[in-house]
Amino acid sequence: MKLSLEQSSKQITLLKQKRDEQGLTTTEKDALIALQEARLDFLEEQFRLAKHKLFASKSEAHVAQGNLF
């Protein structure tokens, strides 16, 4: 069940609205939990990648840099 981030956000919103209005069945609760877990995994991966990009070592070495000294 691969959904885009936008699609999963819409489904989460719809399920939360239904929960607030009528309540959810066990199957709907399981679906909501699965969607939220998938979204959390996606956001954690995006955060990890952003941290890596920001704090990872950067190679600024030049091929001929050894000849400087």
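Looking across the range 1-24 at every residue that is under 17 Å from Asp41 (Cα atoms) and not in a helix (DSSP H, G or I), the one that is least open to solvent (accessible area, probe 1.4 Å) is identified as Ser4. Considered as a group, the residues in the range 25-69 that are open to solvent by 100 Å² or more (accessible area, probe 1.4 Å) and part of a loop (DSSP other than H, G, I, E, B) include one that is modelled with the highest pLDDT, and that residue is Ser57.
The values are calculated or read from the model by the stated rules, or taken from the named source; none is laboratory data. Keep in mind it's a predicted model, so treat the numbers as computed, not measured. Accessible surface areas use protein heavy atoms only, side chains included; no ligands, DNA or RNA. Shrake-Rupley method; radii C 1.70, N 1.55, O 1.52, S 1.80 Å.
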